[in-house]
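FYI, it's all coordinate maths here, none of it is from the lab. These figures come from a predicted structure and were not determined experimentally. Note that we place each Cβ from the backbone using ideal geometry, even for glycine, and neighbour counts take in every protein chain shown.
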Amino acid sequence: MPRLRCFYHPDYFLPLPPGHPFPMEKFPQAHDLLLAGGAPVEITPVSPAPNRQLLRVHTSEYLRKLAHGTLHATEVYKLGLPWQPQLLRRSSLETAATVAACRHALEHGMAANLAGGTHHAFPDRGLGYCALNDVAVAIRDLHETRPELRVFVADTDAHQGNGTHAIFRQDERVFTYSIHGERNYPSAKEPGDLDVGLPREVGGDDYLAALTETLPASLDRFPADLVIWISGADVHEDDRFGQMRLTTAQMAERDRMVLSWCRERGLPVAALYGGGYNREPGMTARLHANTIHIAAELHQFTQGRNERPARPFDTPRTREPRAPASKHEACP
Ligand SMILES: [Zn+2]
C-alpha cells in the first residue's frame, strides 16, 4: 500500500534560548510520534534549497543578512527568532521540503513537509517566526518549468498568511485563501483572494461552518492544478496565540474536510504544518502528527482504491481554462 511521502530533516530543530515561545522541539517530536503511531508515511530527507531558488522570492540583501547575521535589531525582533549561524540553513531545509512536497504531490496526489507554511515572510524581511516564505519559493520553482500551473494556497492557520498574499497579489495563477482571526496577528493584514476573518475565541462549530461555506466554493471557482495546504495547529483551544477554540476532535474534522474537498475535486495536495503554540507540553507535536496521520490514511485509502493520482505532472489538463478574467473577480 502506498505510504504518504513526508519530507523532513533532523536539523529543522535549532536550539532556542530557554523560555522562547516557539516550540522548536515539535519537529522531532511529531516525526517520532508519526513513526511510533504506525502512520503510513515514508520519511525522505532533504538538502537545503539552493540560493538561486530562494532568490526567486527573496532579495539578495536579505539573504546576505540572514547568512551573516547582519540583520538590524528591529528586523530580528520582528522575525521573532534570535539570529544564529544555522538559521538560514534550517529555513532552507524547510523550504526545500516544501518544494519537494509540491513536486511529489503533483505526481502522486499527495505529499507532506513535516514543517513549513512559513507564511509571514516577505521578500525582504522575516516576520512572526518565518525567515523564508517556503510556499512562495515552491510556487516560483514550479512556475520555472510549468509557467501555466495554477496553485491554490489554502491557509487554515489561525493567523493571516500576509507574506504569501502580498507576494502573489498580482499573480493570476495563484489563489490565496486564508481563514484566520480578524483581530489576531498580523495587525496589518495583506488582502488575499479570499480572506475569511473570524471573531476572537471563535468556537469550533462556527469555524467549521465558515470553512464549509467558503473553501469548497473557492476550490470550485478557481480551477487549480495543485493545493498547498497550510494546516495550522494554532486553531486549537489550548493554543497560546491562536485565539480560537477548536477541540482536538474538531481539528481532526477540519483536516478530514479540507483533504476530502480536495480529493473529491481530484486536486493534488501538499500538506504543511503552519504554526502551533500549545500550552500543554508536547501537544503541538501531537496535533501536527494527527494532521499528517489523517492525510496519510486518506492518501492510502484513495490509492488503495486504485484511483489514478489526480492530474499527474505531464497529463494534459482535463478542465476548461478558467473563465473569469481575474482571480479577484472569481471569488469576491
Ligand atoms: Zn499561526
Item to check | Residues with amide H under 5 Å from that of Arg245, placed H, sequence gap 5 or more | outcome: Val202, Gly204
Item to check | Expected 222 nm ellipticity per residue - DSSP helices of 4 or more, -39500 (n - 2.57), all of the chain, to 500 | outcome: -12500 deg cm²/dmol
Item to check | Segment His20-Arg89, extension gain: residue separation times 0.36 nm, minus the distance between their alpha carbons | outcome: 22.8 nm
Item to check | Cα pair distances exceeding 17 angstrom across segment 156-208, given as percent | outcome: 32 percent
Next on the checklist: Averaged across orientations, what area in nm² does the convex hull of the alpha carbons in segment 4-314 project?
Outcome noted: 14.2 nm²
Checklist entry - Where in segment 122-154 is the amide nitrogen less than 18 Å from a point lying 7 Å along the Cα-to-Cβ axis of Asn51? => result 124-125, 132-133
Item to check | Selection from Trp83, Gln243, Val57 lying farthest towards where the dipole of the chain points positive, charges on Cβ | outcome: Val57
Item to check | Label-point gap, in nm, between Ala73 and Met257 - each point 7 angstrom along Cα→Cβ | outcome: 4.6 nm
Checklist outcome for this item: Any helix of the chain counts here only if DSSP assigns it H throughout, its Cα atoms span 20 Å or more along the axis, and its mean Kyte-Doolittle hydropathy is at least -1.0, and such helices are 87-108, 204-221, 248-264, 283-304
Item to check | Highest-first arrangement of 174-186, 240-252, where packing means the average Cβ count within 10 Å | outcome: 174-186, 240-252
Checklist outcome for this item: Under the 7 Å Cα-to-Cβ spin-label approximation, Glu61 and Arg169 lie apart by a distance in nanometres of 1.9 nm
Checklist outcome for this item: On each of the three principal axes the extent of the alpha-carbon atoms of segment 36-178, given in whole Å and largest first, is 43, 42, 31
Next on the checklist: Under 5 Å between amide hydrogens, which residues at least 5 positions from Val196 or on another chain qualify, with H placed 1.01 Å from N in the peptide plane?
Outcome noted: Ser178, Ile179, His180
Checklist entry - If you place +1 on the Cβ of every Lys and Arg, -1 on the Cβ of every Asp and Glu, and leave all else neutral, what size is the dipole of the chain about its Cα centre, to the nearest 20 Debye? => result 660 debye
